[in-house]
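Every number in this text was worked out from the coordinates using simple rules, so none of it is lab data. Because the structure is predicted, anything quoted here is derived from the model rather than measured. Cβ atoms come from the backbone with ideal geometry, glycine included; neighbour counts cover every protein chain shown.
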Amino acid sequence: MNRKGNKQATTEWVANAIKDLVKWNPSITPKAVQNELEREYNLSLPYMKLWRSREKARDLIFGTVEDDFRWVPTLTKELVSKNPGSHICYEYDQADMSFKRYFVSFKVVIDGFFAGCRPFIGLDACHLKGKYLGMLMSAITLDGNNDLYPLAFAIVESESKSSWYWFIEQLIKALYGDVNEICFISDMEKGIEETIKMLLPMVEHRVCIRHLWKNLKKNFNNLSESFNSWISDVRDKPVVELIDTVRAMLMVQRTRRSNMTNDWVSNLVPVAEDYIRKITTTEEQFIIRPSSNTVAEVVNRNERQEVDLNQMECTCRVWQMIGLPCRHAAAFICTKEYQDWPRYVHDLFHVHRYCYKIINDFLFSCAYLSFLYITYSYYIFLDIVWLMEAQ
Ligand SMILES: [Zn+2]
């Protein structure tokens with residue numbers, strides 16, 4: 001090892017030497033920095049020196065935390081002017097006027113949510129790894145094709161009742177206050193449930209069911225793609241850079257999904273197509289006893305249901321809940337000579353609802369399930385995840 005070199009290699013010198021490396025990989029480990037120094041300069045440095053050098057290099061590239069916060073008003077102005085109507089805001093600490101919180105939600109995203117996403121919002125938080133060391137809070141839902149649809153995110157100082165209160169308050173503003181039909185779910189513990197009750201006292205059925213939300217994230221959406229894992233690579237960026245990176249990720253995601261629809265040949269979104277394929281190839285046998293062209297008793301050894309094709313209803317209630325024909329309805333439809341499946345699928349699974357054009361700009365929107373209209377317990381809505389899996 002080059003011992004003499006070790007002493008001469010000041011933190012400043014090392015920071016400059018590894019600047020490019022850190023720029024492309026801000027979360028590079030001190031060990032990886034060591035490997036690089038060894039390869040390039042035959043240098044071996046103590047861990048703490050490597051760590052300090054990496055921090056210094058980050059400062060050189062991204063500026064210090066304080067430098068970064070100076071850009072907050074500029075970033076906000078830019079984001080709002082490029083995305084008119086969006087709810088984007090920040091808050092300073094009243095005591096020392098230091099940066100405290102930042103909330104971002106884009107109007108196109110919110111409009112897309114109302115145009116067709118499922119009427120539930122999952123709330124999540126994860127730790128940031130940059131120097132600010134705050135939390136990233138997020139509000140996400142699923143689109144009609146079961147893909148993750150991030151609605152809003154915020155950087156806050158820590159996870160507490162007060163920060164959740166602030167986040168949910170901003171979220172309600174971003175949603176134009178139109179939240180009566182929305183179910184909020186979360187597996188976070190600190191203060192969410194109380195906050196929701198406090199901010200939305202008029203609304204019943206606000207549930208925070210920890211294990212169900214966890215399950216939902218696991219089952220749907222290739223949900224390894226939860227928002228937190230989605231942004232895991234950028235969690236160590238400074239605040240301003242982080243916000244702008246997430247913005248760019250959202251933009252790219254929207255474009256990718258809008259391009260994706262170009263390959264769709266059916267009238268229905270792929271997830272609905274798959275569902276129908278599965279349900280029509282099941283081994284299950286039913287006896288169909290029609291009482292008219294559109295109404296029938298559907299019977300097997302274990303159950304007897306009544307299906308009404310015109311009303312898109314079955315006494316098992318699954319059709320009404322998920323917006324896709326249940327096993328009984330499917331069995332009845334299969335007896336028909338001409339099977340017009342899209343006719344029996346909720347409008348919001350139709351591709352035309354997924355794609356929504358506004359002022360020549362492709363607004364990504366999405367189909368959703370009809371359980372918006374269910375008035376009884378949201379527990380039933382959550383069961384749909386398994387119903388859909390099981391069907
Ligand atoms: Zn049924």
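Some values worked out for this structure:
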quantity: Among the listed pairs 77/197; 100/173; 56/173; 82/237, those beyond 29 Å (Cα-Cα); calculated: 77/197; 56/173
quantity: Approximate spin-label separation residue 340-residue 19, in nm, with each point projected 7 Å along Cα-to-Cβ; calculated: 6.8
quantity: Spin-label model distance (nm) - residue 235 vs residue 200, 7 Å beyond Cα toward Cβ; calculated: 2.6
quantity: Loop GluC sites (Glu not before Pro), segment 264-298, which have at most 15 other Cβ atoms in a 10 Å radius of their Cβ (DSSP); calculated: 283, 284
quantity: Fully extended contour minus Cα-Cα distance, from residue 114 to residue 260, at 0.36 nm per residue; calculated: 50.5 nm
quantity: Cα-projected label distance for residue 32 with residue 282, points at 7 Å along beta-carbon direction, nm; calculated: 4.7
quantity: Loop-located GluC sites (Glu not before Pro) in segment 305-341, at most 15 other Cβ atoms within 10 Å (DSSP); calculated: 337
quantity: Potential lengthening between residue 158 and residue 129 on full extension [0.36 nm per residue; Cα-Cα distance subtracted]; calculated: 9.2 nm
quantity: Aspartates and glutamates whose Cα lies under 15 Å from that of residue 107, excluding same-chain neighbours fewer than 8 positions away; calculated: 78, 178, 361
